[in-house]
């Protein structure tokens, strides 16, 4: 049950990030950053604050929106960050988004063994987060 909730959280995060990116950038999702724009602030584990915030917000929403859920979701994100480097987390996020959105000739690119291994690593980190935090 909780693993399904984690998958739902990640899908919510993917949708939220895509929606925010679409609204926030003048050119849409694929727009390049403006010259001189500063990169997103990173925490000690190398995760941007925005990635942490998006994950925790989606997790809290899926888990009832309580203060206890917020604490557990923050803990879960800490566990994920301690297990999975941000670049692998970002790859998994992209794979999930593309599997949900991509069709045609790109669909097969996100359903190969290497992408499945990336998603497995994320799911294992999420499961560890659930065990330790919920």
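Nothing in this text is a laboratory measurement; each read-out follows from the coordinates by a stated rule. The structure displayed is predicted, hence computed values, not measured ones. Here Cβ is always computed from backbone atoms with ideal geometry, including for glycine, and neighbour counts include all displayed protein chains.
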The simple spin-label model distance between residue 120 and residue 101, using points 7 Å out along Cα→Cβ, in nm, is 2.7
Residues 132, 52 in order from fewest to most other beta-carbon atoms within 10 Å are 132, 52
One finds, for residue 42 and residue 132 with R0 = 25 angstrom and r their Cβ-Cβ distance, a FRET efficiency to the nearest 0.05 of 0.65
Short to long, in 5 Å steps from zero, the percent of alpha-carbon pairs of the range 63-126 per bin is 4, 17, 21, 18, 16, 13, 7, 4, 1
